[in-house]
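All remarks here apply to the structure that follows.
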Amino acid sequence: MTELGAYVERFETNCRRRALRGVAAIVLGTPIAVLGVVVFVLGQEAGVSGGEMIIGLVIGCGLGLVLMGAWGCWHAISKRGEIFTLYEQGFVHTWRKSTTVVPWSRVEVAVDHAKKNALAKAFGGDVGCLVKLTDGRKILINGFTEGAALLAHNIFEAVGRRPG
């Protein structure tokens, strides 16, 4: 990519790790949600009242994990082969049969939306760089991309950073 200057580094997204985390969330969330539903139904049949809020929280947490896991698995499949190649004057985002060449001049803003907690780290949110292009498209870099923190840092240095 001669129009982007000299090659700096290549960053590959680890879709296998994303899929494994997704499957783990589904495997953990399903029995939690089922247990919550069973306890709720047994309580209703026995005529016991109270505790619905806690049971609802258990069901909600289980379903939340299942949905996050399904989302992770979907992204693992749909973003297979995702690669970011950094150059001095921009980067190239490639996945499947799509390639987007992004010179720094085409970046409208880079938003830092990284979260610093265990759940975010488990699902790749420990690094978050949303690159909004001038044509309205968006490119997300997250913790499943090997070296994502360095890539995000380079983007923020080149175009500035806006907190998420």
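Points worth noting:
- Residues whose amide H lies under 5 Å from that of VAL8, counting only those 5 or more places away or on a different chain, are LEU86, TYR87, GLU88; hydrogens are built 1.01 Å from N in the peptide plane.
- Area of GLU88 that stays accessible when all protein chains are in place (1.4 Å probe, Å², to 10): 110 Å²
- Computed with a 1.4 Å probe over protein heavy atoms only, the accessible area of THR99 comes to about 80 Å².
- Those aspartates and glutamates that a straight Cα-Cα span of less than 17 Å connects to LYS121, excepting residues fewer than 8 apart in one chain: ASP112, GLU146
- Rounded to 10°, Cα long-axis angle of helix 52-78 versus longest principal axis of the chain: 30 degrees
- Of LYS97/LYS138; LYS79/LYS132; LYS79/LYS138, pairs whose Cα-Cα distance is over 20 Å: none
- Note on SER98: accessible area approximately 40 square angstrom, rounded to 10, probe 1.4 Å, nucleic acids and ligands left out.
- Among the trypsin sites (Lys or Arg not before Pro) in the stretch 86-158, those placed in a DSSP loop whose Cβ has at most 10 other Cβ atoms within 10 Å are ARG96, LYS97, LYS116.
- Summing charges over all other residues whose Cβ lies under 15 Å from the Cβ of ALA76, with Lys and Arg as +1 and Asp and Glu as -1, gives +4.
- Whole-number percent relative contact order across the stretch 1-67, with pairs defined as alpha carbons under 8 Å at least 6 apart: 43 percent
- Computing mean projected area of the Cα convex hull in nm² directly from the structure and comparing it against [x] 29.3; [y] 11.2; [z] 9.8 singles out [y].
The values are calculated or read from the model by the stated rules, or taken from the named source; none is laboratory data. Remember, predicted model here, so these are calculated numbers, not experimental data. No Cβ is skipped: glycine too gets one built from the backbone with ideal geometry, and neighbour counts run over all protein chains shown. Protein only, heavy atoms only, side chains kept; ligands, DNA and RNA dropped before computing areas. Shrake-Rupley method; radii C 1.70, N 1.55, O 1.52, S 1.80 Å.
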